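The values are calculated or read from the model by the stated rules, or taken from the named source; none is laboratory data. Every value quoted in this text rests on a predicted model; they were computed, and no experiment measured them. With ideal geometry, Cβ positions are generated from the backbone for all residues, glycine too; neighbour counts draw on all protein chains shown.
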């Protein structure tokens, strides 16, 4: 039987087990995929810890790439041998995975499996954030937190490609160099600068129209101070912990601000939206406007160590698990 990383209770990385799992033949509308690469994301740690509840026992992981092994009844457009990638639903940390056919996209020629696995969830997250949640346009100045991270580096590159001036925050000088390389015009090292004050200096007091914040608790309130009147606070992650409750009147006092907590699941719920998002992502990667930087690889059986390194901020760019 194939192996997978599963949890039987929530908690730390030590709760993750490398164990044999039974994989059924694909049913109607399903596809059996042999994984060749699996992406690591912060949301995986939220599922493992219990911050985002899941039904237990659970196989972790949201994104990956592989080869179609077999297809079930009523599946059209896919056949054994096709290279495919996905970003949801849960269950990617396995040698083989059953996926709904309508959640798979074909990997175009010129994009390797590892690259596809590293960018599906992070890259399509960047796509909807930049192109739909707030449609970035040439001349905008935008703020991206955790600019050296997996989503952060994609946001910075893509934002620059769209003609925006990108301000990025990072936690160290080493990460500042990565953020600069990813296209940030200005980089703020939060260990030695208060980012809200620095953003106001950079924008000459005007603030920014949008903040992309995947950090959460540690940056949320300061981010509100970075926004221009009628600006949009996009809280799409909680790497430092969940955003605590706050008085909604703060938004009026700081300039009639908007706040949203979007998810990729909502933005790609329709098949046509999934295909459009993936196509736009593949396009900017193939033309070189966005480069997917895989700075760490681990054997899938060592996923617990990958989680430890991710949570302790030892990783940069994207991380891939190899079955």
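What the table shows:
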quantity: Those residues of the stretch 266-275 which are under 14 Å from residue 129 (Cβ atoms) and loosely packed, with under 15 Cβ neighbours inside 10 Å, in sequence order; calculated: 266
quantity: So residue 289, is it modelled with pLDDT of 95 or more and within 17 Å of residue 153 (Cβ to Cβ); calculated: yes
quantity: Residue 135 surrounded by fewer than 24 Cβ atoms within 10 Å (Cβ to Cβ) and part of a loop (DSSP other than H, G, I, E, B); calculated: yes
quantity: Members of the stretch 149-185 found to be closer than 16 Å to residue 228 by Cβ and either over 22 Å from the mean Cα position of the chain (by Cα) or assigned to a loop (DSSP other than H, G, I, E, B) (or both), listed by number; calculated: 164
quantity: Hey, residue 108 part of a loop (DSSP other than H, G, I, E, B), surrounded by fewer than 18 Cβ atoms within 10 Å (Cβ to Cβ) and touching a residue at least 60 places away in the same chain (Cβ under 8 Å) or not; calculated: yes
quantity: From the options 284, 243, 320, residue that is surrounded by 14 or more Cβ atoms within 10 Å (Cβ to Cβ), under 20 Å from residue 89 (Cβ atoms) and in contact with a helix residue (DSSP H, G or I) (Cβ under 8 Å, 6 or more places away or on another chain); calculated: 320
quantity: Residue selected from the stretch 6-36 under the condition within 20 Å of the chain's Cα centre (by Cα) and over 15 Å from residue 310 (Cα atoms), by the criterion surrounded by the most Cβ atoms within 10 Å (Cβ to Cβ); calculated: 35
quantity: Candidate set: the stretch 215-232, residues that are out of contact with any helix residue (DSSP H, G or I) (no Cβ under 6 Å at 6 or more places or on another chain), crowded, with 19+ Cβ neighbours inside 10 Å and not in a helix (DSSP H, G or I); chosen: the one modelled with the lowest pLDDT; calculated: 216
quantity: The stretch 37-59: number of residues that are part of a strand (DSSP E or B) and either without any contact (Cβ under 8 Å) to a residue 24 or more places away in the chain or crowded, with 21+ Cβ neighbours inside 10 Å (or both); calculated: 3
quantity: Qualifying positions in the stretch 238-271 - in contact with a strand residue (DSSP E or B) (Cβ under 8 Å, 6 or more places away or on another chain), modelled with pLDDT of 95 or more and outside any helix (DSSP H, G or I); calculated: 254, 255, 256, 257, 258, 259, 260, 261, 262, 268
quantity: Where a residue in the stretch 60-83 is on the phi > 0 side of the Ramachandran plot and surrounded by fewer than 22 Cβ atoms within 10 Å (Cβ to Cβ) and its partner, wherever it lies, is in a strand (DSSP E or B) and at pLDDT 95 or above, with Cβ under 7 Å and at least six apart; calculated: 81/67; 81/68
quantity: Flag if residue 140 is under 27 Å from residue 296 (Cα atoms) and in contact (Cβ under 8 Å) with a residue 12 or more places away in the chain; calculated: no
